[in-house]
Amino acid sequence: MGRIVGLDFGRVRTGIATTDEMQLIASGLTTVPTTELLSFLKKFVAEEKVTSFVVGEPRQMNNMPSESEAIIGPFVEVLKKTFPDIPVHRQDERFTSQMAVKSMVASGMKKKNRRDKKMVDEISATLILQGYLERIK
């Protein structure tokens, strides 16, 4: 098969998650500065077989796109042009940041480490990707 890459795209940094090659489990990979995201993805795609990307889709409670979609939408178009042979899917990302913090608390992570926004972004990317996997199964 190949890996699916999940992205929690942000203005400053982007959390990245990936599946195993059987596409069963989503795992956090890293968080990179958004300015370095395409370079990171090019290198990753060169080293790993990537079958698709999943980008978080921020929505408000009334199901309308949130303000951050104004920067995510154009990125999705660049992603599609950069990797024309790799499909890009969207996944609702409502509450992923709150769920990420709750999972950090539940795992016993110290308060100091929970303040690390990079870790929150990576966990959020994992939740986005896991949500996508559950939706397509």
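Rule-based calculations on the coordinates, nothing more; no lab input. Computed from a prediction, not measured in an experiment: that's the story for all the values here. Cβ: placed from backbone, ideal geometry, glycine included. Neighbour counts: every protein chain shown.
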Practice problem: Could you name the aspartates and glutamates whose alpha carbon sits less than 15 Å from that of Lys42, not counting residues in the same chain fewer than 8 places away? | Solution: Asp85
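Using Cβ contacts closer than 10 Å as the measure, can you line up Val120, Val45 from fewest to most? Could you put the intermediate results ahead of the total?
Values: Val120 22, Val45 17.
In order of increasing Cβ crowding within 10 Å: Val45, Val120.
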Self-check item: Stokes-Einstein D for the range 1-49, Kirkwood Rh over Cα pairs, 10 °C, 1.306 mPa s (µm²/s)
Solution: 144 µm²/s
Self-check item: chymotrypsin sites (Phe, Trp or Tyr not before Pro) within the range 29-89, DSSP loop, no more than 15 other Cβ atoms inside 10 Å
Solution: none
Exercise. Which order do the peptides 126-132, 77-83, 30-36, 3-9 take when ranked by the mean count of other beta-carbon atoms within 10 Å per residue, highest first?
Key: 3-9, 126-132, 30-36, 77-83
